[in-house]
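Here the structure is laid out as structure tokens; the discussion comes afterwards.
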Amino acid sequence: MRQKKSNKQPDQSQIDEAEKQIREYSRAVKFTVTEYSFEFLVQKLKMGRYYVPGYQRHLIWTPLTQSKFIESVFMALPIPFIFFWQNEDGRLEIVDGSQRLRTIRDFMDDKIVLKGLESIPAANGLKYTDL
């Protein structure tokens with residue numbers, strides 16, 4: 001059932017309170033930005049220190065999409081951050097970036113043979129250990 005739109009405008013006290021709550025909450029969230037090598041990230045994933053939670057989708061990238069991502073890494077294009085959340089037992093849940101991290105893991109495990117590369121076509125048909 002759809003809600004009716006309200007024509008009521010918020011009053012200034014509501015706006016002020018909302019802004020106050022936003023400021024307070026944004027100060028309460030703690031985060032750090034750290035750079036790690038792919039080798040380090042993959043090792044931690046294999047050791048179970050990082051894990052993909054059940055609500056995350058399975059690895060759905062096609063082999064072509066995975067190859068294109070690896071090509072972008074070779075080209076030193078910016079890669080979005082991988083976001084983790086630390087749970088009670090100290091392990092880090094992958095909140096965002098599981099497709100990227102699992103693709104890197106699979107490439108380093110020689111499970112991906114590159115294909116469809118346009119910018120670096122000489123790498124087509126190669127695996128991690130070939131390079």
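The values are calculated or read from the model by the stated rules, or taken from the named source; none is laboratory data. Every value quoted in this text rests on a predicted model; they were computed, and no experiment measured them. Here the Cβ positions follow ideal geometry from the backbone for every residue, glycine too, while neighbour counts run over all protein chains shown.
Looking at segment 83-117 only, could you name the residues that are among the acidic types (Asp, Glu), over 12 Å from the mean Cα position of the chain (by Cα) and within 30 Å of Lys30 (Cα to Cα)? Glu88, Asp89, listed by residue number.
Name the helices (runs of 4 or more DSSP H) wholly within segment 4-94 that hold at least 3 residues that are surrounded by 12 or more Cβ atoms within 10 Å (Cβ to Cβ) and touching a residue at least 60 places away in the same chain (Cβ under 8 Å)?
Numbers: elements: 12-28, 38-47, 63-74.
By residue number, 38-47.
Please verify whether Ile112 is out of contact with any Gly (no Cβ under 8 Å at 6 or more places or on another chain), within 20 Å of Asp130 (Cα to Cα) and in a loop (DSSP other than H, G, I, E, B), treating the condition exactly as stated.
yes
In the set (1) polar (S, T, N, Q); (2) more than 17 Å from Leu59 (Cα to Cα); (3) modelled with pLDDT under 95, Ser98 fails one condition alone, (2).
Of the listed requirements (1) modelled with pLDDT under 90; (2) under 28 Å from Asn124 (Cβ atoms); (3) charged (D, E, K, R), Glu35 misses just one: (2).
Check Gly125, Gly116 and return the single one that is in contact (Cβ under 8 Å) with a residue 24 or more places away in the chain, exposed (fewer than 15 other Cβ atoms within 10 Å of the Cβ) and of a type outside the set (A, V, I, L, M, F, W, C). Even if it seems obvious, please write down each step before you answer.
Values: Gly125 fails: in contact (Cβ under 8 Å) with a residue 24 or more places away in the chain.
Just one listed residue meets the conditions, Gly116.
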